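Accompanying notes for the structure given below.
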Amino acid sequence: GALGGVVSMFTKPPAKKLELSARSYMGVYEFPKYDSWKYRNTVPTQSGADLRVAQSVGDFSFSASGGVRYDEGSREFDKHLRGFGYGKAVWQPTYQNSFTVATLVAVENSQNFIYWRNLTDATLPPLEQNLDERLYTTRFALSGEWLYLFSDKTSLTVRPATYRTTFENRVNGV
């Protein structure tokens, strides 16, 4: 997402038949190029899963998705656990009129790797780094849209929206 910026999302219109899709993935990082940067004996992993459901029934359509991502990172003290959910509902009672509501929620729990220890230990945090520190982030967006077509060349679109992001540094979950 764009922190403090504009996020523009286009979603595939739902079909009349119920659509359900799921995916999962897993991958590994390579070991660092230099032996002094190697901080563990196994390669770090990244994995995730998500689910999407959508359908259109008459004048109404909806889509919803959610997922989770886990990333051990390529540096010590750089793990991330992320989750997200998205929903969109559209009501089009006439050809000229449509109403849309969409929401997005994302949460993240991260270790707080800010900078490296030194050039020799570039994948390690500084010695004074508190390894119990975590960064918790939540994002929430809610938007609406009313679209009215006066003609093939003239329309009116009204798009109210709200967006909120919170950041918290916590030590030992407090």
#### Entry: Filter pass, L135 being in a strand (DSSP E or B), at pLDDT 95 or above and open to solvent by 30 Å² or more (accessible area, probe 1.4 Å)
no
### Query
Quick one: would you say Q55 is among the polar types (S, T, N, Q), farther than 30 Å from K16 by Cβ, open to solvent by 30 Å² or more (accessible area, probe 1.4 Å) and assigned to a strand (DSSP E or B)?
no
### Message
Quick test of your reading of the structure: V171 fulfils all but one of (1) more than 30 Å from Y70 (Cβ to Cβ); (2) in contact with a Lys or Arg (Cβ under 8 Å, 6 or more places away or on another chain); (3) among the hydrophobic types (A, V, I, L, M, F, W, C); (4) exposed (fewer than 12 other Cβ atoms within 10 Å of the Cβ). Name the failing condition by number.
### Response
(1)
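Take region 33-52 and flag every residue that is among the acidic types (D, E) and either in a strand (DSSP E or B) or touching a helix residue (DSSP H, G or I) at 6+ places or on another chain (Cβ under 8 Å) (or both). Quick ask: steps written out before the conclusion?
Filtering region 33-52 down to residues among the acidic types (D, E) leaves 35, 50.
Residue satisfying the conditions is D50 alone.
Could you count how many residues in region 140-174 are assigned to a strand (DSSP E or B), of a type in the set (A, V, I, L, M) and farther than 14 Å from S98 by Cα?
Number satisfying all stated conditions: 4.
The values are calculated or read from the model by the stated rules, or taken from the named source; none is laboratory data. Here the structure is a predicted model, which means the values were calculated and not measured. Because the Cβ atoms are built from the backbone with ideal geometry, glycine has one as well, and the counts that use them run over all protein chains shown. What goes into the accessible areas is simple: the full protein's heavy atoms, side chains included, and nothing from ligands, DNA or RNA. Shrake-Rupley method; radii C 1.70, N 1.55, O 1.52, S 1.80 Å.
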